[in-house]
1. Specify which residue in the list B:118, A:92, B:31 is farthest towards the positive end of the charge dipole of the protein assembly as shown, using unit charges on the beta carbon of Lys, Arg (+1) and Asp, Glu (-1), about the Cα centre.
2. Per residue of region B:31-38, in order, report the coupling 6.51 cos²θ - 1.76 cosθ + 1.60 (Karplus, θ = phi - 60°) as ³J(HN,Hα) in whole Hz, putting x for Gly and Pro.
3. Averaging sequence separations of C-alpha pairs under 8 Å and six or more residues apart, then dividing by the length of region A:130-184, give the relative contact order as a whole percent.
4. Do any residues of region A:3-38 show a loss of at least 30 square angstrom of accessible area between the isolated chain and the full protein assembly, using a 1.4 Å probe, and if so which?
5. What residues does region B:155-184 have that are buried by at least 40 Å² of accessible area in the full protein assembly compared to the chain on its own, 1.4 angstrom probe?
6. At each listed q (0.18, 0.27 Å⁻¹), what is the log10 of I(q)/I(0) that the Debye formula gives for region A:1-42 modelled as equal alpha-carbon point scatterers?
7. Of A:51/B:162; B:51/B:124; A:58/A:91; A:91/B:91, which sit over 20 Å apart, Cα to Cα?
8. Given contacts defined as C-alpha pairs under 8 Å and at least six residues apart, what's the relative contact order of chain A, whole-number percent?
There are 2 protein chains.
Amino acid sequence: MKDTEQSIIEAAILIFNEDLSAPLEKVADQAQVTRRTLHRYFKDRKELMDKCQKEIRKACAVAMSNAYNTTENPRERLEAMFYAGLDCGSKNTFLHKLHTLHDHKHQAANEECSEYDHTFELWKGNLQVLLTTGIINQGMTVDWIHNFFQSVVVVFINSQQKGALGRTDARQLAWFSFSKGIGI
Amino acid sequence: MKDTEQSIIEAAILIFNEDLSAPLEKVADQAQVTRRTLHRYFKDRKELMDKCQKEIRKACAVAMSNAYNTTENPRERLEAMFYAGLDCGSKNTFLHKLHTLHDHKHQAANEECSEYDHTFELWKGNLQVLLTTGIINQGMTVDWIHNFFQSVVVVFINSQQKGALGRTDARQLAWFSFSKGIGI
DNA sequence: CACAAATGTCACAAATATGAGACATTTCGC
DNA sequence: GCGAAATGTCTCATATTTGTGACATTTGTG
């Protein structure tokens, strides 16, 4: 029964990802919990948001790290990490969103920002190999591909929400769109 | 000086696109205007939001319609409408976002929904031609490509906001990612 | 300059969101 | 079934957001 805290966090990620300033009652509803209970686990909005970020960073870091270690081939690594990104779903996109907000000033001094950077260090490093060895040609930049990656995850999430496509089909489609889209 | 109303709408689209429940003061700030002035032009939040949607639908509809009429070749049409989508920028993505929200129930009876549908009628019709003639193969679905289209627009906007890429370069990159990503 | 329109400043009431106390009810392990 | 922990209900104080009136200031125009 102690997974209430976790389910609130999951709900918050879902809600805040759509509506950053949504009232906490929406989060509580999504978690099928009272606002009162939510406040028993989280002192205030800021604390909830912080826990969300921590959860997100952890989940993404673990998934990415695991995927990275499945193979030594850069091309296969990219694919493995891509699927890991899909599996992280809205956690992945929310993390990315928080760091591309209009008023967000990215600075390495910020603890959360540096953790964010670290999360994608492996990803970007691997990507750089593919770029320099010419497997990915064109005028592709790391930033573009990073954004593009996140965007394809959004497409995947949307398709899953609608239920129009099976998970396996959607995963294949996503990888097709991503890999071809960056010129592999 | 009467473009104050318009600049508030533009500001609102920018802010609401990032944070749907953002306080109106943020919109006023973005428009470099007092909250008091904002309320002189818009009775309340709902009226502002409605005007935003109207503006968005109009802008997207005009841009798409123009692009459609530049050529009769479906393949070229797709490209022209793609660039039109880029030019609509956040208007395009905000419109799409509003209709993919978790709690949004899409129903043709709804006036705004039907207008939204109409906006992309041409786009989807043209796409269907490309699908049935086999120019786009794979297990691609219209919905997937539609979502994918919107996502690439987001990537484009992000790259422009950062200023890392010139507009022309970004447009080319975007078209590359999109066209290859759907298997053209 | 003078005048009118637009905007800003300040003040304020109403609505909504937030956070927490007190106590009832439910849930779970034993 | 008992007791403890978790959760819900109800209530309330406070903070924030919202919308508007009254009046000062700025801006554009003749």
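The values are calculated or read from the model by the stated rules, or taken from the named source; none is laboratory data. What you are looking at is a predicted structure, and each value in this text was computed from that prediction instead of being measured. For neighbour counting, all protein chains shown are included, and Cβ atoms are generated from backbone atoms with ideal geometry for every residue, glycine included. We work out accessible area using only protein heavy atoms, side chains counted, and drop any ligands, DNA or RNA first. Shrake-Rupley method; radii C 1.70, N 1.55, O 1.52, S 1.80 Å.
1. B:31
2. 8, 6, 8, 7, 4, 4, 5, 3
3. Relative contact order comes out at 46 percent.
4. Buried by the other chains: A:18, A:19, A:21.
5. With the partner chains in place, region B:155-184 has these residues losing at least 40 Å²: B:155, B:158, B:162, B:173, B:176, B:177.
6. So the normalised log intensities are -0.40, -0.88.
7. Exceeds cut-off: A:51/B:162; B:51/B:124; A:91/B:91.
8. After rounding, I find 19 percent.
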